[in-house]
Amino acid sequence: KEKFGIPYNKDELPYHPKLGRVKELSLEDYMKQPALSLFSSHRFAVICKRKYLKEVKTILLQKYYEKEIIELDKNEKVARQKISLCSVEMSAGLEFEDVIVFEKGMNQFEKYVAESRALENLTVIDD
């Protein structure tokens, strides 16, 4: 079978075309994980549906300082050593070394768009 031109087995989802299997966590398990080290040249992104941006930012503020998070919009640029918080729509066409996707409320196409932004590490937080 193919989904968006990528061969896949539905039993293996989520599946990233470049990375293979991805790390799946519940929100509770994610909160127990250590915070990302932002002292590298990596670009970090947290992607969610637009209507959940405030909720996800509140979650991130439990792990990171406000100055470490930038909310991407058409005027903001992706910055290294910061977490780019963005909607699925804003993430389209961008790439990041590390991506965390909050899948709450996303359809299959939105999940594909968000998950395919990752170049090296992808973590999916399920509902």
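The values are calculated or read from the model by the stated rules, or taken from the named source; none is laboratory data. Since this is a predicted model, take the numbers as computed values, not measurements. A quick note on method: Cβ atoms are made from the backbone with ideal geometry, for glycine too, and the neighbour counts reach across all protein chains shown. Remember, those area values only see protein heavy atoms, side chains included, never the ligands or the DNA or RNA. Shrake-Rupley method; radii C 1.70, N 1.55, O 1.52, S 1.80 Å.
From the list Glu120, Glu89, the one residue that fits, being in contact with a strand residue (DSSP E or B) (Cβ under 7 Å, 6 or more places away or on another chain), open to solvent by 80 Å² or more (accessible area, probe 1.4 Å) and not in a loop (DSSP other than H, G, I, E, B), is Glu120. For Val46, the test of being within 20 Å of Asp126 (Cβ to Cβ), surrounded by 17 or more Cβ atoms within 10 Å (Cβ to Cβ), among the β-branched types (Val, Ile, Thr) and modelled with pLDDT of 75 or more is passed.
For region 2-37, the set of residues classified as at pLDDT below 70 and either open to solvent by less than 50 Å² (accessible area, probe 1.4 Å) or at positive phi (or both) consists of Phe4, Gly5, Ile6, Pro14, His16, Gly20, listed by residue number.
Among the residues that make up region 96-115, is at least one of them open to solvent by 70 Å² or more (accessible area, probe 1.4 Å), part of a loop (DSSP other than H, G, I, E, B) and at pLDDT 90 or above? So far as region 96-115 goes, yes, one or more of its residues are open to solvent by 70 Å² or more (accessible area, probe 1.4 Å), part of a loop (DSSP other than H, G, I, E, B) and at pLDDT 90 or above.
Remark: pairs (first residue in region 98-111, free of Cβ contacts under 8 Å to residues at least 12 places away in the same chain; second residue of a type in the set (S, T, N, Q); Cβ separation under 9 Å; 6+ apart in sequence or on different chains) are absent.
Note on region 49-86: among residues that are open to solvent by 70 Å² or more (accessible area, probe 1.4 Å) and not in a loop (DSSP other than H, G, I, E, B), the one that is farthest from Asp98 (Cα to Cα) is Lys51.
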